[in-house]
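Chemist: Sharing a structure with you now.
The values are calculated or read from the model by the stated rules, or taken from the named source; none is laboratory data. Remember, predicted model here, so these are calculated numbers, not experimental data. Cβ coordinates were reconstructed from backbone atoms using ideal geometry, including for glycine residues, and neighbour counts include every protein chain displayed.
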Amino acid sequence: MAKKTINALRREIGRIDEGVLTLCAERFRLAEEIERVKRNNGDWQRLVCPRVEEQRLRRARETGERLGLDRGFAEMVIRMLMRETLRYEVIKREITMAAGKAKRKIRTGGRR
């Protein structure tokens, strides 16, 4: 087997990084879909489900260990993803609510 050059190894890491970011984007899209389902079911006010989050963290630690990663590192990655997803959902919700208020003002001639 031929030795890989540093540049070839770096290209592989770059492809993996791109894959990680692609998966993150997919995760955000799924979180958006969950938000839509919650809104349609009238459960849109609750952004965080502690039981689900704890299950995800436990699974992250177990998966990390199985893959030879530090359990704490695996948990940190998932916590960061959950935190960023929540931040994104809050921002999106604020924009949606602001847009709704603006529409109501336009319909009522700017009066409250």
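Chemist: Would you confirm whether or not segment 52-65 contains a residue that is modelled with pLDDT under 95, among the hydrophobic types (A, V, I, L, M, F, W, C) and either surrounded by 10 or more Cβ atoms within 10 Å (Cβ to Cβ) or not in a helix (DSSP H, G or I) (or both)?
Modeler: yes
Chemist: For A74, indicate whether it is of a type in the set (A, V, I, L, M) and touching a Gly at 6+ places or on another chain (Cβ under 9 Å).
Modeler: Judged against the criteria, A74 is a match.
Chemist: Evaluate segment 7-17: report whether one residue or more is outside any helix (DSSP H, G or I) and surrounded by 11 or more Cβ atoms within 10 Å (Cβ to Cβ).
Modeler: The answer is no, given that none of the residues of segment 7-17 is outside any helix (DSSP H, G or I) and surrounded by 11 or more Cβ atoms within 10 Å (Cβ to Cβ).
Chemist: Let me ask another. Do we have G42 as farther than 15 Å from I78 by Cα and outside any loop (DSSP other than H, G, I, E, B) here?
Modeler: no
Chemist: When you look at E12, is it in contact with a Lys or Arg (Cβ under 9 Å, 6 or more places away or on another chain) and more than 29 Å from K92 (Cβ to Cβ), yes or no?
Modeler: So E12 passes the test.
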